[in-house]
1. Calculate what fraction, in whole %, of the accessible area of the chain sits on carbon and sulfur atoms when a 1.4 Å probe is rolled over the protein chains.
2. What does the C-alpha gyration tensor say about the overall shape of region 33-129? Classify as rounded when a/c is under 1.5, otherwise prolate if a/b is larger than b/c, or oblate.
3. Please identify the chymotrypsin sites (Phe, Trp or Tyr not before Pro) of region 54-117 that satisfy two criteria: DSSP loop assignment and at most 14 other Cβ atoms within 10 Å. Which are they?
4. In region 78-212, how does Rg compare with the Kirkwood Rh, expressed as the Rg/Rh ratio over alpha carbon atoms?
5. What percent antiparallel are the DSSP beta bridges of region 410-517, to the nearest 5?
6. Take each of the peptides 100-106, 210-216, average the number of other beta-carbon atoms within 10 Å over its residues, and list them starting from the highest.
7. Determine ³J(HN,Hα), in whole Hz, for all residues of region 160-176 in sequence, where each value follows from phi through the Karplus function 6.51 cos²θ - 1.76 cosθ + 1.60 and θ = phi - 60°; x replaces Gly and Pro.
8. Order of 415-422, 120-127 by packing, highest average Cβ count within 10 Å first?
Amino acid sequence: MSQTAMPDQKVLVFDFGAQYGQLIARRVRDLHVYSEIVPCDITADEVRALAPAAIILSGGPASVYAEDAPSIDPEVLRLGIPVLGFCYGQQAMAVALGGEVGHTEKGEYGPAVIMRAAESALFDGTPGEQTVWMSHRDAVTRVPEGFAITSRTEVCPVASMECPERKLFATQFHPEVRHTEFGQTMLRNFLFGICGLVSDWTMDSIIDDSVAAIRAKVGESRVILGLSGGVDSSVVAALCARAIGKQLVCVFVNHGLLRKGEPEEVEEVFTKQFDVDFIHVHAEERYMRLLAGVTEPEEKRRIIGTQFWKEFFAVAEELDGVKYLAQGTIYPDIIESGARKTGGKASTIKSHHNLIPFPEGVHFDLIEPLDHFFKDEVRALGTALGLPDYIVHRQPFPGPGLAIRIIGDVTPEKLEILKNADAIVREELDAYNERLFAETGERNSEHSVWQYFAVLPDIKSVGVMGDERTYARPVILRAVESSDAMTADWARLPYDVLARVSGRIVAEVPGVNRVVYDITSKPPATIEWE
Ligand code: XMP
């Protein structure tokens, strides 16, 4: 069961395979109304059970007449719940109610100008002619009985249609896309003007509802949480701390593979700022023994993940009354894995990169309070719960930590070199990002660096320091611009920044005589080296 508290009013977004499905949910949430994505084949009974205040039908890539084309249960349109369809959603609505869809002469892709054809509450406060974003070949050619055409373009005979008596509205264009000039106004008109919703899904209400839901589920039991120091698990910890205080046990397994200063930061925050039980498991030596001589990256990942569970369960077994395991699963994990349909299905452990399945015979019920939040909502929640910025805005960091940024076997000597070099990289590039922020006033300006770190390859080369020949290691600097880690470009860092990083690493980190910069994008490379 989800521990995301479900607000009284929610908007369901039916997903017809849209490129913009998540975006629609985001736009609704931006207006402080809770919104959730459901598969388009959801039945009218399931919808009734979820009791949404409104429904939005997304676009989708199919043609309504294609074999296996997704359709909507017509019964959903008779529930009396207001419905707004976009693009394919308009076509699906038309077909379900007896209208017709056909090919337009030419498709419309990109900006188009609509001309209003009738009064419509959806267009309140917007001009008679306006630019919208279109992306279609098919279009409604005959509207269902009782519907009026409210706008058209030169190409598209039904750019929007509606039957206000039945609270059914639809547009061929995409109001959720920023290029639709008045898209957000239309969404506002629909949610507040037409459906009469209230804008009350705020951080405070989210925290209050989530805290109440966690308390109700947990009762008197204890909850154990594997804290990694990453954003998601830290926010879960802060939320559970607020909800159940001392019934929460945070277990921080220190594998010795975190960045310099990180274990101390995590301990500081969770022992000083939150009143929870915090257990710092010093597993550094055990990990070092297990990793000795291991060079294969996947093998490193497997060893580290398996040992994590062993360390974690060893602690859990010593504690009384632990029934639940809290996890930082977030909404994109759920959407991408398609694990949950309409919220009624039991959750399965996500195949998160740094979590491997439970060993046999071990069972915990899961608490996943973030399973309906997007990453930036999780960060906002973290801030509202009092987590410091350096945790809330932490860069992505692999679960297996520095072990995969050391190419070849992991030794204490190499770890020491990498931690020290990485600390310099972070210091210098943090400062560079701050300078950009001061200049542009934007935290994530076009040129700010998204992720940066040092990598230690498994080679040595000759250098000269003072009058001495050296035979030492190079350090690789990796710094990328990205928005989601799916693709990335190497950061065009100014030469003076590169020079400082290089100069400092060679001067301050014993065992390093060379610094090189990785100038490969993703694809074809990946962000990490492993
Ligand atoms: P790659 O190297 O595949 O990495 O381009 C994409 C992003 O994912 C991060 N990464 C991880 N994050 N656990 C995580 O939570 C992991 O095991 C893991 N491995 C890679 C990486 O830092 C980059 O941002």
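1. Values: 11940 of 23410 Å².
Answer for the chain: carbon and sulfur cover 51 percent of the accessible area.
2. Details: a/c = 1.96, a/b = 1.24, b/c = 1.58.
Because a/c hits 1.5 or more and a/b fails to exceed b/c, region 33-129 counts as oblate.
3. Working: sites: Tyr65, Phe86, Tyr88, Tyr109; in loops: Tyr65.
Counting only loop positions with at most 14 other Cβ atoms within 10 Å, the chymotrypsin sites (Phe, Trp or Tyr not before Pro) in region 54-117 are Tyr65.
4. Values: Rg = 15.9 Å, Rh = 15.5 Å.
Using Cα coordinates only, the ratio equals 1.03.
5. On the way: 12 of 17 bridges.
Just about 70 percent of them are antiparallel.
6. For the peptides 100-106, 210-216, the packing ranking is 210-216, 100-106.
7. Here the 3J(HN,Hα) series is 7, 8, 6, 9, x, 4, 9, 6, 10, 9, 7, 10, 6, 8, 10, x, 6 Hz.
8. Working: 415-422: 21.5, 120-127: 16.6.
My ranking of the peptides, most packed first, is 415-422, 120-127.
The values are calculated or read from the model by the stated rules, or taken from the named source; none is laboratory data. No experiment lies behind these values; they were computed from the predicted model shown. We place every Cβ from the backbone using ideal geometry, glycine too, and count neighbours over all the protein chains shown. The protein model used for the area step is the full one, side chains on, heavy atoms only, and it has no ligands, DNA or RNA in it. Shrake-Rupley method; radii C 1.70, N 1.55, O 1.52, S 1.80 Å.
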